[in-house]
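Colleague: Just passing along the structure, written as structure tokens.
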Amino acid sequence: MPHLRVYTSRGGHIFPYAWRLEGALVLILFALTACASRHVADGFLVDEARGFRIPLLSDDWRQLQVEETELAFQADPGGQVAALFVSCEEGHPMTLRMLARRLFFGISPKRIVAQNAISLNGTEAVHTVLTGRLKETDVMVSSYVATDGECAYDLVYVASPEAFQDRLPEFERFVKGWVLTEKGSESQVK
């Protein structure tokens, strides 16, 4: 196949491979659209594409950029961490307890202090409190795991056992503010 060249008024030329750029532009536009469906409004992170909203932590919590989290904060002082993980994976459906167990890989040895099924703003969830060691450090964890059938939502609080209670009430308000919404809508709560 012959290669055609299009000459511009300034003497340059455009190769017919411009269609490759079109594909790249489509990907960029898709990424920008996904980002646009996620925004902050009235102190809440709203993700229209995944259908949830959650309050931002403030008052001595600084936002962190942590790989694989939707939202993460660290308390200053204290070092406690609160985070939201969202995973939308196709595959075999997992029970909430299995999803909760998957969350604790890397903590060893671990001891479950409490685990119970709850309703989190009308969504079935599992709440787990455990102690263990993570990278040579003793930790205590409170987690809530919920699913909307398509995505799993993990709300996690990690602290040293000594500092665990200090910021737990703020994490609980963070969790209680998490709400599933209709996908594609920031205002309709399920």
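Colleague: Residues in the stretch 150-175 that are assigned to a strand (DSSP E or B) and not aliphatic (A, V, I, L, M): how many?
Modeller: 3
Colleague: Among the residues of the stretch 122-135, what is the count of those that are surrounded by 15 or more Cβ atoms within 10 Å (Cβ to Cβ) and over 12 Å from VAL145 (Cα atoms)?
Modeller: 3
Colleague: Quick one: in the stretch 14-70, of everything that is of a type outside the set (A, V, I, L, M), more than 16 Å from LEU84 (Cα to Cα) and under 17 Å from the mean Cα position of the chain (by Cα), which residue is modelled with the highest pLDDT?
Modeller: So, considering only residues that are of a type outside the set (A, V, I, L, M), more than 16 Å from LEU84 (Cα to Cα) and under 17 Å from the mean Cα position of the chain (by Cα), the one modelled with the highest pLDDT is SER37.
Colleague: Something else about it: Residue by residue through the stretch 46-95, note down the ones that are of a type in the set (Gly, Ala, Ser), surrounded by 12 or more Cβ atoms within 10 Å (Cβ to Cβ) and free of Cβ contacts under 8 Å to residues at least 40 places away in the same chain.
Modeller: Hit for the stretch 46-95 is ALA72, nothing else.
Colleague: Would you check if there is a residue in the stretch 88-98 being within 21 Å of VAL145 (Cβ to Cβ) and either at pLDDT 90 or above or of a type in the set (Lys, Arg) (or both)?
Modeller: Yes.
Colleague: Within the stretch 147-185, count every residue that is modelled with pLDDT of 95 or more, in contact with a helix residue (DSSP H, G or I) (Cβ under 8 Å, 6 or more places away or on another chain) and either of a type in the set (A, V, I, L, M, F, W, C) or surrounded by fewer than 17 Cβ atoms within 10 Å (Cβ to Cβ) (or both).
Modeller: Residues flagged as modelled with pLDDT of 95 or more, in contact with a helix residue (DSSP H, G or I) (Cβ under 8 Å, 6 or more places away or on another chain) and either of a type in the set (A, V, I, L, M, F, W, C) or surrounded by fewer than 17 Cβ atoms within 10 Å (Cβ to Cβ) (or both) within the stretch 147-185 amount to 3.
Colleague: Which fully enclosed strands (runs of 3 or more DSSP E) of the stretch 37-149 have 2 or more residues being under 21 Å from PRO169 (Cβ atoms) and touching a strand residue (DSSP E or B) at 6+ places or on another chain (Cβ under 7 Å)?
Modeller: Where strands (runs of 3 or more DSSP E) fall fully within the stretch 37-149 and carry at least 2 residues being under 21 Å from PRO169 (Cβ atoms) and touching a strand residue (DSSP E or B) at 6+ places or on another chain (Cβ under 7 Å), they are 44-47, 52-55, 61-64, 71-75, 81-87, 110-120, 123-134, 137-147.
The values are calculated or read from the model by the stated rules, or taken from the named source; none is laboratory data. The structure presented is a predicted model; accordingly, all values stated were derived computationally and were not measured. Positions of Cβ are backbone-derived with ideal geometry, glycine not excepted, and every protein chain shown enters the neighbour counts.
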